[in-house]
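Any read-out appearing in this document is the output of simple, stated calculations on the displayed coordinates, not a laboratory observation. Small disclaimer: the values here were computed from a predicted structure and weren't measured. As a convention, Cβ positions derive from the backbone with ideal geometry for all residues, glycine included, and neighbour counts pool all protein chains shown.
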Amino acid sequence: MNVLVFADSHDGMIAKSAFEAVTYGSKIAKDSGGSAAVLTYGTISSDSLNELASYGITNVLHCSQLTDMDPQQLARLLAAASGDQQSELIVFSHDYTGKSVAPISAARLNAGIVSGAIDYPETSAGFTVKKAVFSGKAFAQVKINSDVKVVSLLPNSVGKTKTEGTANVTEFNPDCGAPSVVVKEQKSKGGEGISLTEADLVVSAGRGLKGPENWGMIEELATELGAATACSRPVADIGWRPHHEHVGQTGIAIRPNLYIAVGISGAIQHLAGVNGSKVIVVVNTDPEAPFFKAADYGIVGDAFVVVPKLIEAVKALKIAQG
Amino acid sequence: MNILVCISKAPDTTSKIVFSNGNTTFNEDGVQFIVNPYDEWYALVRALELKESGGGKVTILSVGGADYEPIMRKALAIGADEAIRVDSDTRDSFQIASEIAAVAKSNAYDLILLGKETIDYNGANVGGMIAGLMDYPYVSNASKLEVNSNVGQIEREKQGGTEVLEAKLPCVISCAKGMAEQRIPNMRGIMAARSKPLNVVASCGAGAMTEVVSFTLPDAKGSVKLIDPENAAELINLLHTEAKVI
Ligand SMILES: Cc1cc2nc3c(=O)[nH]c(=O)nc-3n(C[C@H](O)[C@H](O)[C@H](O)COP(=O)(O)OP(=O)(O)OC[C@H]3O[C@@H](n4cnc5c(N)ncnc54)[C@H](O)[C@@H]3O)c2cc1C
Ligand SMILES: Nc1ncnc2c1ncn2[C@@H]1O[C@H](COP(=O)(O)O)[C@@H](O)[C@H]1O
């Protein structure tokens with residue numbers, strides 16, 4: 001089947017999660033004997049556009065006339081590109097942009113959608129995709145019955161694989177209609193930290209840390225590991241940490257390779273946001289903390305004693321690795 | 001201002017998830033249903049605040065069977081003026097959005113507010129689909145909303161930060177944390193809710209595009225490997241050599 005992947009960009013570079021969506025789309029196209037193309041928009045460096053070739057893409061459509069994330073205009077752009085490429089499957093990343101543009105596109109293309117897919121489709125009997133439901137407490141196999149299909153892929157689900165190749169980048173600027181939203185101001189979260197939804201490694205802490213002044217060691221451990229930081233909800237509610245770090249059912253859901261939870265009890269609403277993590281480490285003074293039941297590795301101990309030791313051990317490991 | 005708030009029902013977060021009929025159906029026996037938290041805490045409460053400051057009417061809308069009525073009464077008790085239930089099965093986000101768009105097309109709503117996603121199927125789709133079907137501006141994951149003479153001033157979450165934008169009404173907005181604070185219905189609200197109109201309208205007959213073929217539960221986690229706190233460095237070693245994540 002012909003696949004069109006919508007790739008978002010940040011700061012002039014194709015987004016990391018987009019390369020994963022591209023890996024996903026180009027494999028499906030290859031396995032089914034179709035072709036894969038990428039649609040992207042905004043000001044993007046040509047190096048970054050060319051990098052798409054290393055993920056199995058030959059055709060890149062670049063719309064430079066749109067720069068704001070206006071979901072209606074982007075959905076029109078996508079509809080035009082999918083007509084141009086005769087796409088049967090549209091792949092998005094299930095990130096903020098994907099969540100905005102994918103459902104409008106599905107409505108425009110009269111397409112069924114599975115959002116937050118976590119694996120490649122099963123195509124022996126129709127087209128069925130696996131996704132997490134009930135906030136991570138179960139999985140569903142969802143079959144898409146429409147001719148055109150939309151899938152948004154949860155970041156960190158299939159990883160990205162490089163191949164060889166050169167891309168053919170074409171400017172693609174169809175009529176996308178008048179703007180429906182006007183962006184007035186961009187506020188970055190500040191700090192050079194790694195974006196939580198895209199991070200492979202995450203160090204998170206909760207009320208067990210007693211106060212905001214004790215986060216230095218959490219940040220240090222994260223920096224040493226090259227990890228992003230996160231927190232439990234009460235910690236964000238009382239203002240110890242910024243709201244965008246709050247993970248869980250009411251915060252954001254993440255699926256890093258490693259999630260280290262320090263002084264977090266592991267309430268079901270917290271687990272809902274992190275139970276897709278590949279490896280979970282829990283540090284907690286209470287051996288009965290529910291989080292241990294969801295953990296792969298655990299240390300029953302005091303964060304103030306354990307975390308400094310972990311920092312030293314990571315430093316030692318880095319030195320050993322050279 | 002005439003505001004429509006789309007309300008869905010969801011299993012209480014602490015519910016045990018069990019499937020029946022050969023893992024094809026969610027078993028609702030003994031499950032406590034609640035108003036989907038984002039719909040209740042953020043979309044509904046912000047709609048009520050806008051009505052309180054600027055006047056107008058707040059209508060809640062659910063697509064679903066009679067089993068939706070208890071959660072709809074709760075939304076009325078929190079302060080919505082009236083309710084519409086589209087009498088229909090709920091099959092997928094496309095079908096639900098089509099039903100909502102059919103109601104919205106025959107009523108002049110200035111704003112359509114939704115939750116950012118349901119906590120059962122976690123679609124995050126219905127809002128965008130309504131916007132697609134109606135050609136309205138769409139802002140998802142909004143954390144702030146003000147309205148000034150027919151223009152919505154909205155803050156939305158995006159990768160690495162937030163963005164302030166403007167959209168002309170009518171528009172569709174999916175609401176996330178930050179929008180408003182949860183309100184607990186009081187006795188007067190609960191009494192008043194009983195006599196507020198809850199109109200049942202027929203389905204427009206929209207079809208679904210997807211179907212759930214089967215459910216599975218995650219594999220039981222093997223038991224946790226405990227490391228002596230005295231020897232915390234061993235954890236880092238295991239993460240490197242055994243789990244291979246660092
Ligand atoms: C509808 C709803 C939605 C919710 N959504 C979310 C959500 O999205 N995200 C979320 O996180 N929560 C959410 N919650 C709250 C959730 O139920 C818990 O209350 C919350 O996760 C607890 O946070 P915590 O683990 O940081 O704090 P606590 O429960 O207070 O746990 C602190 C832990 O630290 C341990 N500890 C104490 N001292 C130390 C020490 N020195 N060293 C190591 N460990 C120590 C304690 O043993 C304890 O286990 C929600 C609740 C509801 C009702
Ligand atoms: N059956 C329904 N009736 C009315 N509104 C719904 C229904 N299902 C979902 N919604 C709304 O659409 C939002 C997003 O749902 P979803 O796309 O299923 O994650 C929810 O937060 C509700 O506001």
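With each label modelled as a point 7 angstrom along the Cα→C-beta vector, the residue A:65-residue A:182 pair spans 2.0 nm. Residue by residue along A:197-203, Cβ atoms of other protein chains within 10 Å of the local Cβ number 1 on average. Suppose every K and R has +1 on its Cβ and every D and E has -1 on its Cβ; what is the size of the dipole of the protein assembly as shown about the Cα centre, in Debye to the nearest 20? Dipole size: approximately 760 debye. For the range A:171-322, the relative contact order comes to 20 percent (Cα pairs under 8 Å, sequence separation of at least 6). Pairs of Cα atoms nearer than 8 Å and 6+ residues apart set the relative contact order; for the range B:96-246 it is 20 percent. Counted by Cβ distance under 15 Å from residue A:297, the other residues give a net charge of +2, where Lys and Arg count +1 and Asp and Glu count -1. Counting only DSSP H runs of at least 4 residues, each contributing -39500 (n - 2.57), and dividing by the residue count of the protein assembly as shown, the helix-based mean residue ellipticity at 222 nm comes to -8000 deg cm²/dmol. Between the range A:189-238 and the range B:207-244, the alpha-carbon centres lie 20 Å apart. Kindly identify the protein assembly as shown as rounded, prolate or oblate by the Cα gyration tensor criterion: order the square roots of the eigenvalues as a ≥ b ≥ c, call it rounded if a/c is under 1.5, otherwise compare a/b with b/c, prolate if a/b is larger, else oblate. Oblate, because a/c is 1.5 or more while a/b does not exceed b/c. Would you please classify the overall shape of the range A:196-320 from the alpha carbon gyration tensor, given that a ≥ b ≥ c denote the square roots of the eigenvalues, rounded means a/c under 1.5, and beyond that prolate means a/b larger than b/c while oblate covers the rest? Rounded, since a/c falls under 1.5. Each of residue B:182 and residue B:14 was given a label point 7 Å from its Cα along the Cα-to-Cβ line. The distance between the two points is 1.2 nm. The distance linking the range B:24-39 with the range A:297-322 is 42 Å (Cα centroid to Cα centroid, whole angstrom). Averaging over all projection directions, the Cα-based convex hull of chain A occupies 17.8 nm² in the image plane. The mean number of partner chain beta-carbon atoms within 10 angstrom of a residue's beta-carbon across peptide A:141-148 is 5.
Counting charges near residue A:60 (Lys, Arg +1; Asp, Glu -1) among other residues having Cβ under 13 Å from its Cβ returns a value of -4. Under the criterion of Cα pairs below 8 Å and six or more residues apart, the relative contact order for the range A:3-171 equals 29 percent. Looking at the protein assembly as shown alone, DSSP beta bridges between its own residues are antiparallel in about 35 percent of cases. Specify whether the C-alpha gyration tensor of the range A:248-292 places it in the rounded, prolate or oblate class, a ≥ b ≥ c being the square roots of the eigenvalues: rounded for a/c under 1.5, otherwise prolate if a/b is larger than b/c and oblate if not. Oblate, because a/c is 1.5 or more while a/b does not exceed b/c.
Modelled this way, with points 7 Å down the Cα-to-C-beta line, the labels at residue B:135 and residue A:125 are 4.2 nm from one another. May I ask you to derive the FRET efficiency for residue B:194 and residue B:52 from their Cβ-Cβ distance with R0 = 22 Å, giving the value to the nearest 0.05? Efficiency, rounded to the nearest 0.05: 0.50.
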